[in-house]
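The values are calculated or read from the model by the stated rules, or taken from the named source; none is laboratory data. All values derive from a computational prediction rather than experimental measurement. With ideal geometry, Cβ positions are generated from the backbone for all residues, glycine too; neighbour counts draw on all protein chains shown. Please note that ligands, DNA and RNA were not included when accessible areas were found on the heavy atoms of the full protein model with its side chains. Shrake-Rupley method; radii C 1.70, N 1.55, O 1.52, S 1.80 Å.
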Amino acid sequence: MLNFREININDRDWINKLLTKSDFMGCEYSFANNLAWRRLNDSLICRYKDFYIIKSEDEEYESFTFPAGTGDYKDLFSTLSAFAKSEGKKIMITGITDYGINILKNIYGENLILKKSDDYCDYIYLADDLINLKGKKFHNKRNHLAKMKHCNWEFHPMAEEDFEACTTFSAMTYNSKNGYDDHSAIVEQYAIHTYFSYFKELELKGGVITVDNEVKAFTIGEKLNSNTFCVHIEKADPSINGLYAAINNEFARYAATGLKYINREEDLGIEGLRKAKRSYNPIFMLEKYTAVLPF
């Protein structure tokens, strides 16, 4: 029996234990993200044996993120399929990487049909690249950083006393873009509130840049797996040339030193975001697929 319910902060320990077993690199395998962004797709969770399951649904599909954990995957997907069938819906699996493809092919063989999800592939960078910005490929980024010399700016690690000012800054950017007309922007404000509400419990790291003693940029992330840091939120005043480059570089140095990779998540098919993420020269894209499974 699968009993789905909303995620809450008290789920942290058992979920993190199962996420650690899988050590996946995808940004969806973060308890902090799952908690903060649960309203985006009204997602629900449950535990089945030693698997952590996240689902959302629409009129046609029960959609499951490829489960983290360990155990008998054939039994797991049989159980998920039976659940979807009992709801009168098809079953879709999302966030499938090469690891998941191999498992699903062993179960479903030629009946498995995969579709690449380009908008949801994660951008993966070498931490050393974003920290040091060495070589010709980062020439433009170094130029952007140099433009900040004309500002009275300072970076510092985020602390509790920064939360109110960062919330105010985030609300200003939200209002300036008529965020109340955009569901994802509304959900983002809720996610930021959740990050601040449980900052210590979620073991998050943050960074803040002030210009003339006013918050003009902030960012939040966490260690995602054994070798990867993940950046969840990055906000900056676009009118200050070089500010995005500065918050990116300073935060990488503060939070990701000693790790091999930085995951800066997906571009969601947004052209401006795609261009910005590509400009930092990812070392590879973490490709993800979706599959509609046969019953």
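Brief remarks follow.
- Any chance PRO282 is out of contact with any Ser or Thr (no Cβ under 6 Å at 6 or more places or on another chain) and closer than 30 Å to SER86 by Cβ: no
- VAL231 being free of Cβ contacts under 8 Å to residues at least 60 places away in the same chain and open to solvent by less than 20 Å² (accessible area, probe 1.4 Å): yes
- Given (1) open to solvent by 20 Å² or more (accessible area, probe 1.4 Å); (2) modelled with pLDDT of 95 or more; (3) not aromatic (Phe, Trp, Tyr), index of the condition GLY95 fails: (1)
- Subset tally (residues that are of a type in the set (A, V, I, L, M, F, W, C), open to solvent by 50 Å² or more (accessible area, probe 1.4 Å) and either touching a helix residue (DSSP H, G or I) at 6+ places or on another chain (Cβ under 6 Å) or part of a loop (DSSP other than H, G, I, E, B) (or both)) for the stretch 109-143: 1
- So LYS85, is it in contact with a Leu (Cβ under 6 Å, 6 or more places away or on another chain) and either open to solvent by 10 Å² or more (accessible area, probe 1.4 Å) or closer than 19 Å to ASN16 by Cα (or both): no
- Residues within the stretch 82-108 that are assigned to a helix (DSSP H, G or I), in contact with a helix residue (DSSP H, G or I) (Cβ under 7 Å, 6 or more places away or on another chain) and farther than 30 Å from GLU222 by Cα, tallied: 1
Condition check ((1) among the small types (Gly, Ala, Ser); (2) part of a loop (DSSP other than H, G, I, E, B); (3) open to solvent by 10 Å² or more (accessible area, probe 1.4 Å)) across all residues:
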position: PRO238; (1), (2), (3): no, yes, yes
position: PHE251; (1), (2), (3): no, no, no
position: TYR254; (1), (2), (3): no, no, yes
position: THR257; (1), (2), (3): no, yes, yes
position: ILE262; (1), (2), (3): no, no, no
position: GLU265; (1), (2), (3): no, yes, yes
position: GLY269; (1), (2), (3): yes, yes, yes
position: ARG274; (1), (2), (3): no, no, yes
position: ALA291; (1), (2), (3): yes, no, no
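- Taking the criterion of being under 18 Å from LYS90 (Cβ atoms) and open to solvent by 10 Å² or more (accessible area, probe 1.4 Å), the residues of the stretch 57-75 that qualify are GLU57, ASP58, GLU59, GLU60, TYR61, SER63, THR65.
- On the stretch given as the stretch 48-70, residues that are in contact with a helix residue (DSSP H, G or I) (Cβ under 7 Å, 6 or more places away or on another chain) and part of a strand (DSSP E or B) total 8.
- Some residue of the stretch 44-56 being among the hydroxyl-bearing types (Ser, Thr, Tyr) and open to solvent by 20 Å² or more (accessible area, probe 1.4 Å): yes
- Pairs meeting the criteria (first residue in the stretch 187-205 and of a type in the set (Ser, Thr, Tyr), second residue crowded, with 17+ Cβ neighbours inside 10 Å and assigned to a loop (DSSP other than H, G, I, E, B), beta carbons under 8 Å, at least 6 apart or on different chains) are TYR195/LEU202; TYR195/LEU204.
- In the stretch 193-206 there is at least one residue that is in contact with a strand residue (DSSP E or B) (Cβ under 9 Å, 6 or more places away or on another chain), in a helix (DSSP H, G or I) and open to solvent by less than 80 Å² (accessible area, probe 1.4 Å).
- Meets criteria (out of contact with any Leu (no Cβ under 9 Å at 6 or more places or on another chain), modelled with pLDDT of 95 or more and under 23 Å from ILE9 (Cβ atoms)) for HIS232: no
- Within the stretch 1-27, the set of residues being in contact with a His (Cβ under 8 Å, 6 or more places away or on another chain) and either closer than 29 Å to SER86 by Cβ or surrounded by fewer than 17 Cβ atoms within 10 Å (Cβ to Cβ) (or both) is empty.
- For ALA146: the one exception among (1) in a helix (DSSP H, G or I); (2) buried (at least 16 other Cβ atoms within 10 Å of the Cβ); (3) not charged (D, E, K, R): (2)
- Taken as a whole, the structure places SER184 among residues that are at pLDDT below 95, at negative phi and either open to solvent by 40 Å² or more (accessible area, probe 1.4 Å) or basic (Lys, Arg) (or both).
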